[in-house]
Amino acid sequence: MHTVEKIGGTSMSRFSELMDTILIGDRKGDDLYNRIFVVSAYGGITNLLLEHKKTGEPGVYARFANAENESAWSEALTEVRSKMLDINRELFGDTTEREEADAFINKRIADVEAIMSNLQALCTYGHFQLDDHLMKVREMLAGIGEAHSANNSVIALRKQGVNARLLDLSGWDQEEPLPFEEMIESSFADVDVSKEMPIVTGYTHCKEGLMKTFDRGYSEMTFSKIATKTGANEAIIHKEFHLSTADPGIVGLENVVTIGRTNYDVADQLSNLGMEAIHPKAAKGLRQQEIELRIKNAFEPDHAGTVISTDYCSEKPCVEIIAGRPNLFALEIFDQEMLGEARYDIELPRLLNELRLYVVNRDSDANSITYFVAGTRKMVTRAVRLIGQKFESAEVELHKVAIVSAIGSNLKVPGILARTVSSLADAGISVQALHQSMRQVEMQCIVNQDDYESAVRALHHALIEQEDHGDVICAA
C-alpha cells in the first residue's frame, strides 16, 4: 500500500526544509519507503527554459523559436546553466556530491546546446523547416529542469542513507519514444517501493507528446498516471499552502480556514477559474479508479490537509471556497436577427477556439450572447474585429470583468442567492451577471474588474466567516 506524491517547483526551491518534513523528517527504516515522489523543476527554472508563465518573457525555447542567430538563445541557455549550478552550490556546498550534481547538469546542458546548434544549422537548408521540430525542442528543454531537480534529490537522499532511485522519464538515452502508459509501466517494472524511494521526473517523454496537449501541466499527468498504473493507495500533492476557503493574500490569513474534504467536481470548478488543485485530465484517471487525492502543505507535515474524493458530498449544505478569475474580457454580441439562428452557437465557439481564447462561461438571451474569456488583449481585440466581419448586422462590445465564485460540494444553502447579492450591494459592488447551475456546486458573479478583490472579501465574509466552520471545513 503505497502513495504517489508530487512536489511543485516552489516547494522544491525550499529543498532543505522538505528533507526535514516530507522526505525524511522523523522517519526511519521501513517508514521511509512505500512512497513515490514526482518532482517538478526548481521554481523559476522552467520559466528560464521555456518562457515566463505569467509575463511571457522569452526563455531559451522562445528565443530559439524566433532566433535569427545562435547567440540569441545560447546566452539564455548559459544563464540557465549558471542558475542550476548556483542551486547545486547552495544545496551541497564544496562536497563530492556537488561535483556529481554539477557533472550531471553540465553534460546535459552541453548535449542540448550541441543538438540545438546542429538543428539550427540544418534548418538553414530549404528541405528542413524549424517549425517541424520546435515541439521536440520544447519537450527536450522542459525535461532538463525536471532531471536536474530529481537527480539532486536522489544525491541528497542517498547522502542521508536513504535508498533513493532516480527514474528519469525524460527519455534522454531512449532510442525511440514509447506510448505514455507503456513508458510508465516499463520504468516501474523492476521497482520495489517497499525497499527503495523512486524520485521521478515530472516530465515524461512519450510517443503522444505530453506538451502538445497539456503544455506546462505535464507533471500532473505524469503524477496521475503513475498513481493509476502502480495502484496507489492515495495520491498526494504537496504545495506551499493549504487549500483554503479563499486566497489569504486577499481576505487575510486570520480569516481563512482549511477545506478538509471536497470532491473532484469542486476541483474541476477551481480549474475552470485557473486555480488548479489538479489538472482536470489528471484528475480523470484518479476519479475513475477512485483514488483519493490529498492536498497538503509541504511545510506542515502533521496537518491532514484536504482530501478530494469521487463521491463526497457535504452533509451540511455550505460554501467551501470563494475563488475567482480577476482578468477576464466579456465579449458581448447583440443582433436582432440572432433569435433562432443556430450559426451563432456553432461559429462563435469555433472562432474563439482558433484564437486560443479560453471560455470560462457564457450567457445568452433572445438577441445576445456574451462570452467571458481569458486571453491576451491582442487576441480579444482580434476576436471583436473578426466577429464584426463574420456577422455584419451584429454589434460587438468588449468589457473588462472578473468572476467571483462561491463553490461547494453541496451548495443547496437556503437563501444563498439573496445573501450573495445583498453582500455585494452592501460593499458597493454592481453585479453585471449571475450564474447558478442546477447541479448546485457553483454560483458565479460577474463584476467589474476593479471590484474583484472587494467582491472576494465581501462574499467570504458573508458566506464563510459568518458561518461556524471552526478551523477546518468538513474535516478529513
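The values are calculated or read from the model by the stated rules, or taken from the named source; none is laboratory data. Owing to the predicted nature of the structure, the values given are computational and were not obtained by experimental measurement. Quick reminder, even Gly has a Cβ in these numbers, built from the backbone with ideal geometry, and neighbours come from all protein chains shown. Surface accessibility is based on the protein's heavy atoms, side chains included, excluding ligands, DNA and RNA. Shrake-Rupley method; radii C 1.70, N 1.55, O 1.52, S 1.80 Å.
Mind checking which of H435, S393, L357 is farthest towards the positive end of the chain's charge dipole, using Cβ charges of +1 (Lys, Arg) and -1 (Asp, Glu) about the Cα centre?
My answer, from the dipole projection, is S393.
Using the charge dipole of segment 46-100 (Lys, Arg: +1 at Cβ; Asp, Glu: -1 at Cβ; taken about the Cα centre), state which of S82, P58, T96 has its Cα farthest towards the positive end.
Value computed over the given set: P58.
Just to be sure I understand the model, the point goes 7 Å from the Cα along the line to the Cβ. What's the resulting A114 to E315 distance in nm?
6.5 nm
Straight-line reach from K6: which aspartates and glutamates have Cα under 13 Å away, leaving out those fewer than 8 places along the same chain?
Once the sequence-local aspartates and glutamates are set aside, what remains near K6 is E146, E220, E234, E240.
List the residues, sorted by chain then number, that are 5 or more residues from V360 or on another chain and whose placed amide H is less than 5 Å from its amide H.
F372, V373, A374
Straight-line reach from K316: which lysines have Cα under 17 Å away, leaving out those fewer than 8 places along the same chain?
Once the sequence-local lysines are set aside, what remains near K316 is K412.
Please name which of Q444, A246, A383 has its Cα lying farthest along the dipole of the chain towards the positive end, using unit charges on Cβ (Lys, Arg +1; Asp, Glu -1) and the Cα centre as origin.
The one lying farthest along the dipole's positive direction is A383.
Tell me whether segment 248-332 comes out rounded, prolate or oblate; compute the Cα gyration tensor, take square roots of the eigenvalues as a ≥ b ≥ c, and use a/c under 1.5 as the rounded threshold.
Here segment 248-332 falls in the oblate category.
Per residue, what volume in Å³ does the convex hull of the Cα atoms of segment 278-404 enclose?
Dividing the Cα hull volume of segment 278-404 by its residue count gives 175 Å³.
Taking a point 7 angstrom from the Cα of N233 along the C-beta vector, which residues in segment 188-202 have backbone N less than 18 Å away?
Counting only backbone N, you get 192-198.
Over 27 Å between C-alpha atoms is what I'm after, so list which of K225/K296; K28/K284; K54/K378 land there.
Violating the 27 Å limit, Cα to Cα: K28/K284.
Between rounded, prolate and oblate, where does the chain land on the alpha carbon gyration tensor, with a ≥ b ≥ c its root eigenvalues, rounded for a/c under 1.5, else prolate if a/b exceeds b/c? The partial results should precede the final answer.
Numbers: a/c = 2.08, a/b = 1.27, b/c = 1.63.
Oblate.
Taking the Cα centre of segment 359-468 as origin, sum charge times position over the Cβ atoms of Lys and Arg (+1) and Asp and Glu (-1), and report the length of that vector in debye to the nearest 20. Don't skip to the end; give the middle numbers.
Details: 11 positive and 13 negative charges, 113 e Å.
Value, rounded to 20: 540 debye.
Would you please give the residues with an amide H less than 5 Å from that of A164, counting only those at least 5 places away or on a separate chain, with H modeled from the backbone geometry?
R158, M197
Suppose all protein chains stay in the model; what accessible area per residue would a 1.4 Å probe give for segment 1-135, in Å²?
On a per-residue basis, segment 1-135 sits at 53 Å².
Longest segment of the chain with no GluC sites (Glu not before Pro) in a DSSP loop having at most 11 other Cβ atoms within 10 Å?
Segment 176-289 is the longest.
May I ask for the distance between the Cα centers of segment 371-433 and segment 25-100, given as a whole number of Å?
38 Å
Can you quote the Å³ per residue value for the convex hull of the Cα atoms in segment 339-378, rounded to an integer?
Numbers: hull volume 2.6 nm³, N = 40.
Cα convex hull per residue, to the nearest whole number: 66 Å³.
Hey, can you list the DSSP H helices of the chain whose Cα span along the axis is 24 Å or longer and whose average Kyte-Doolittle score is at least 0.0?
134-159
Using a 1.4 angstrom probe on the protein heavy atoms only, line up M140, M135 by accessible area, largest first.
Result of the area sort, largest leading: M135, M140.
Taking a ≥ b ≥ c as the square roots of the eigenvalues of the Cα gyration tensor of segment 357-468, is the shape rounded (a/c under 1.5), prolate (a/b larger than b/c) or oblate? Display every interim value, and only then the final one.
Working: a/c = 2.50, a/b = 2.01, b/c = 1.24.
Here segment 357-468 falls in the prolate category.
With charges set only on the Cβ (+1 for Lys and Arg, -1 for Asp and Glu), what does the dipole of the chain come to about its Cα centre, in debye to the nearest 20?
Around 180 debye, computed over the chain.
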